[in-house]
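S.K.: Mind having a look at this structure? Questions to follow.
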Amino acid sequence: MKDTVKNIAVLGATGSIGSQTLDIIASHPERYRAVVLTAGSRADKLIEAAIAHRPRRVVIGRTELLPRVEAALAPLGIECRAGDEALAECVEADDIDTVLTATVGYSGLQPTVRAIRAGKDIALANKETLVVAGEMINRMLAESPSKIYPVDSEHSAIAQCLAGEDPACVKRLLITASGGPFRTWPADRMAEATAADALKHPNWNMGRKITIDSATMMNKAFEIIEAHYLFGVESGRIEAVVHPQSIVHSMVEFVDGAVKAQLGLPDMHLPIAYALGCHARLDGAAGHMSLADFATLTFEKPDVKRFPCLGLAHTALERRGNTACVINAANEIAVAAFLEGRIKFGQIYGVIERTLEAVPYIAEPVFDDYVASNAEARVKAAEMIK
Ligand code: NAD
Ligand code: MG
């Protein structure tokens, strides 16, 4: 009899999305098994997750942590590896069905490329992969049996709204945004906001980098780019809508005027389960939502003046080439500097804008051009911050 349990490689297993993915796998051993777990630097959490899940292999990014991981896991028969090549190569094994990508930033690109080459399905949390190299990824998908199933709640919502619909009948994608912690703050107060202020997301408990991206609304810009590459809708027909309650996860408007929305509690277990199941529904994936508890759902236009990062989505999709790759790299450097107190919240956008001017434009980048643009943008952004 064919084994019907799906084997999952969980990249970024110690993070917010990674650990919620492991919750789902643990609750459904009849459906899922974690065969590979990876982490960047949190060895203790990786060890704990591996003891619970008994994967075939674990990979830790930081090579100096390998002895600690090996001491704990090798006696259990778990193969332990370390370093960037091991993080990318581990997705290729024959027994893997789906690769869930939940690492942060540019680090998601290389393993995703390798997973597509190996024909694996991808449950994509790492939106930065499509931001950096969406055109290349789509070219690769066209020549591979791999499919991408979005984990991002907005894109999961759009996929749910599009189920059974003719893509030619889509008029607009409406991507909801909570507005983040600074939705109602005046610009001068926002400019001086601290990391502690920015890390207080009103509705979602996420990793630090995406939480800062939510505060600048760069996250929403990335999600517009992500939606463009996932659903093939041009940027002029993708809009961000501020919806502070985070109950409507996104909407699709059709040519006949109908608007479909997907609603639910702000709980990532639902979109993760929908992606792992290749768009099959999992009984009890998230909690029950009572509309009576959310009697008021509000929607407003985003303020691009106070959130200039949001406008970068359209800059990226109009200029194309390596533009979004450069924006992503500069943003990663600026967010890290902000979290370390080296720049102010109000300076994040300026670092990105000036990096974009400083890095040469490449109209039709191939893989090595993305690697080079990413590296160059990081150096330029870091120089500016100094
Ligand atoms: P997180 O910081 O909580 O976890 C990140 C994970 O990736 C950890 O396991 C960490 O060890 C690993 N990691 C970090 N840098 C790495 C590197 N350079 N190489 C290898 N591994 C590395 O982050 P998160 O909030 O879980 O977000 C993960 C991804 O999912 C991001 O791309 C984010 O935008 C996306 N996402 C997250 C949420 C959410 O609710 N947290 C929602 C939508 C999308
Ligand atoms: Mg999202």
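S.K.: Would you mind checking which residues have amide H under 5 Å from Ala177's amide H? H placed 1.01 Å from N; only 5 or more apart, or other chain.
M.R.: Val241, Val242, His243
S.K.: Once phi is turned into θ = phi - 60°, what whole-Hz ³J(HN,Hα) does the Karplus curve with 6.51, -1.76 and 1.60 give for every residue of the range 92-108, x standing for Gly and Pro?
M.R.: 8, 4, 4, 7, 7, 9, 10, 10, 9, 9, 10, 8, 9, x, 4, 4, x
S.K.: Using the Karplus equation 6.51 cos²θ - 1.76 cosθ + 1.60 (θ = phi - 60°), what ³J(HN,Hα) coupling, rounded to whole Hz, does each residue of the range 227-238 give in order, writing x for Gly and Pro?
M.R.: Running phi through 6.51 cos²θ - 1.76 cosθ + 1.60 with θ = phi - 60° gives 5, 4, 6, 6, 10, x, 9, 6, 4, x, 10, 10 Hz.
S.K.: Rolling a 1.4 angstrom probe over the protein heavy atoms, how many square angstrom per residue are accessible across the chain?
M.R.: That works out to 42 Å² per residue.
S.K.: Could you run the Karplus curve 6.51 cos²θ - 1.76 cosθ + 1.60 with θ = phi - 60° over the range 367-383 and give me ³J(HN,Hα) per residue in whole Hz, x for Gly and Pro?
M.R.: Result, rounded to whole Hz: 3, 5, 5, 5, 4, 5, 5, 4, 5, 5, 5, 5, 5, 4, 5, 5, 4.
S.K.: Still on this structure, I have one more. Using only the Cα atoms of the range 287-357, build the gyration tensor, take square roots of its eigenvalues as a ≥ b ≥ c, and label the shape rounded, prolate or oblate: rounded if a/c is under 1.5, else prolate if a/b is larger than b/c, else oblate.
M.R.: Prolate shape, in that a/c is at least 1.5 and a/b is the bigger ratio.
S.K.: Once neighbouring chains are kept in place and the probe is 1.4 Å, which whole percent of the accessible area of the chain is contributed by carbon and sulfur?
M.R.: 53
S.K.: Does the chain come out rounded, prolate or oblate, given a ≥ b ≥ c as the square roots of the eigenvalues of its C-alpha gyration tensor, rounded meaning a/c under 1.5 and, failing that, prolate meaning a/b above b/c?
M.R.: The shape class here is rounded.
S.K.: Highest mean first, how do 196-205, 35-44 rank when packing is the count of other Cβ atoms within 10 Å averaged over residues?
M.R.: Top of the packing list down: 35-44, 196-205.
S.K.: With each run of n ≥ 4 DSSP H residues scored as -39500 (n - 2.57), what mean residue ellipticity at 222 nm is computed for the chain after dividing by its residue count and rounding to the nearest 500 deg cm²/dmol?
M.R.: Per the formula, -13000 deg cm²/dmol.
S.K.: May I ask for the net charge around Glu92, where only other residues with Cβ less than 15 Å from the Cβ of Glu92 are counted and Lys, Arg are +1 while Asp, Glu are -1?
M.R.: -2
S.K.: Compute the signed sum of charges (Lys and Arg +1, Asp and Glu -1) over the other residues within less than 15 Å, Cβ to Cβ, of Asp303.
M.R.: Residues near Asp303 contribute +3 overall.
The values are calculated or read from the model by the stated rules, or taken from the named source; none is laboratory data. Owing to the predicted nature of the structure, the values given are computational and were not obtained by experimental measurement. In this analysis, Cβ positions are derived from the backbone assuming ideal geometry, glycine residues included, and neighbour counts consider all displayed protein chains. Remember, those area values only see protein heavy atoms, side chains included, never the ligands or the DNA or RNA. Shrake-Rupley method; radii C 1.70, N 1.55, O 1.52, S 1.80 Å.
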